[in-house]
Amino acid sequence: MLFTRKHILDMDSLTPEEITAILDTAENMKEISERPIKKVPTLRGKTIILFFYEPSTRTRLSFDIAAKRLSADSISFSAGTSSIVKGETLFDTAKNLEAMKPDVIVIRHSSAGAPHMLSKIVKTSVINAGDGMHAHPTQSLLDMMTVREAKGKLEGLKVSIIGDISHSRVALSNINGFIKMGAEVVVSGPPTMIPPGIKNLGAHVTFDVDDAISGADVIMMLRIQKERQESFLFPTEREYSRVFGLNKKRLSNADPEVLIMHPGPLNRGVEISPEVADGPYSIILDQVTNGVAVRMALFLLLAGGVRNDDD
Ligand code: CP
């Protein structure tokens, strides 16, 4: 299919055909990272700005590596070392970035909606690298790529997402994405961390983690996002780990072909035990590897052709 979308802002706006096109392109891109010389000239002369208002390890590095593997020039800057600390607004920062003629701006921001706002201010393509508690579409795409690679399909799978659903942009994007691709999504965790409206997105809810694990093809564990909680929504981490954490004993009741995922960063010993995180069912590091391929695919699809700025 002809990929005509200009921005990647959330999973809601992508069609199943567009998601499939991105995953297929990412599969092709993956081979480049396995070559002795991991670089192709495809995006030579293109400029990509990585604009991170929040800390990141995986997302920021993989966007940077993806740009470099395609020979684009990537420039990275963070809020703390920019004129934002002197009071410059997002609007003015965006207009100044645009004046330097980048081809793609990647933005992570603590405020939900910031990438959408940016996409209306600038003519450049915008990719959302995570906005507040709203969306993290590239994480969802790399998660879907990793599951599709391991299972050969997405349709019909039971995907259980367990943990702090309320504060997780990864959960929201994956609920949207996996359901759109025909999977069944179950969410589980403490009632204080599951928003009441989540069923409206089509996800099933259970507060019993063992129920969520039973028969699951994929178990995705989420970190408790303490930085987004006004008060801790569970008595102690130890208690949380005992009732909602994934450990070897709990995993013994899971499907023998189950895949264990986590977007990172891990809180080992809280939502996931080290032996499960590093065990034979874990595909956590495959997610990271595929993050580079998905981000290469997005750069290629958004900046690889000749686009009219008014598109
Ligand atoms: N998964 C994820 O977004 O990780 P980072 O915060 O390290 O980018």
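The values are calculated or read from the model by the stated rules, or taken from the named source; none is laboratory data. As the structure is a prediction and not an experimental result, all values here were calculated from the model. Methodologically, a virtual Cβ is constructed for each residue, glycine included, from the backbone with ideal geometry; neighbour enumeration extends over all protein chains shown. Heads up: the accessible areas ignore ligands, DNA and RNA and are worked out on the full protein's heavy atoms, side chains in. Shrake-Rupley method; radii C 1.70, N 1.55, O 1.52, S 1.80 Å.
The distance linking region 104-146 with region 14-51 is 17 Å (Cα centroid to Cα centroid, whole angstrom). In region 222-303, the C-alpha radius of gyration followed by the widest Cα-Cα span (Dmax) gives 15.8, 48 angstrom. Please list log₁₀ I(q)/I(0) at q = 0.11, 0.13, 0.18 Å⁻¹ for region 55-198, using the Debye equation with identical point scatterers on the alpha-carbon positions. Scattering profile of region 55-198, log10 relative to I(0): -0.51, -0.69, -1.12.
Shown in residue order for region 164-175 are the 3J(HN,Hα) couplings computed by the Karplus curve 6.51 cos²θ - 1.76 cosθ + 1.60 at θ = phi - 60°: 7, 5, 4, 9, 9, 6, 5, 4, 4, 5, 6, 4 Hz (x for Gly and Pro).
Hey, could you get me the Stokes-Einstein D for region 1-135, Kirkwood radius over alpha-carbon pairs, 20 °C and 1.002 mPa s, rounded to whole µm² s⁻¹?
Rounded to a whole number, D works out at 136 µm²/s.
Per-residue packing, averaged as other Cβ atoms within 10 Å, sorts the ranges 257-263, 210-216 into the order 257-263, 210-216, beginning with the highest. Here's the list of aspartates and glutamates a cross-link from residue 123 could span, going by alpha-carbon distance under 17 Å and ignoring same-chain residues fewer than 8 apart: 92, 98, 103, 309, 310, 311. Charges were assigned to the Cβ only: +1 to each Lys and Arg, -1 to each Asp and Glu. The resulting dipole of the chain about its Cα centre is roughly 760 debye.
Put simply, the chain fits an ellipsoid with semi-axes of 33, 22, 17 Å; these come from the alpha carbon gyration tensor as the roots of five times its eigenvalues, largest first. Averaging the sequence gap over all C-alpha pairs within less than 8 Å and six or more residues apart, then dividing by the number of residues, gives the chain a relative contact order of 21 percent. Legend: translational diffusion of region 1-75 by Stokes-Einstein, Rh = Kirkwood radius over C-alpha pairs, 25 °C, 0.890 mPa s; D = 175 µm²/s. Taking every alpha-carbon pair within region 144-228, the share separated by more than 23 Å comes to 15 percent. Compared with the rule-of-thumb size 2.2 N^0.38 Å for a compact globular protein, region 165-311 has a Cα radius of gyration ratio of 1.17.
Of the DSSP beta bridges with both residues in region 49-181, give the percent that are antiparallel, rounding to the nearest 5.
Details: 1 of 14 bridges.
Here the antiparallel bridges make up roughly 5 percent for region 49-181.
For the residue pairs 30/158; 153/199; 120/158, the C-alpha atoms sit more than 29 angstrom apart in 120/158.
What's the ranking of 83-89, 178-184, 168-174 by average number of surrounding C-beta atoms within 10 Å, highest first? Write out the running numbers ahead of the final one.
Values: 83-89: 10.6, 178-184: 19.1, 168-174: 26.4.
Order by mean packing, descending: 168-174, 178-184, 83-89.
Among the protein heavy atoms of region 119-196, carbon and sulfur supply 55% of the accessible surface, probe 1.4 Å, non-protein parts ignored.
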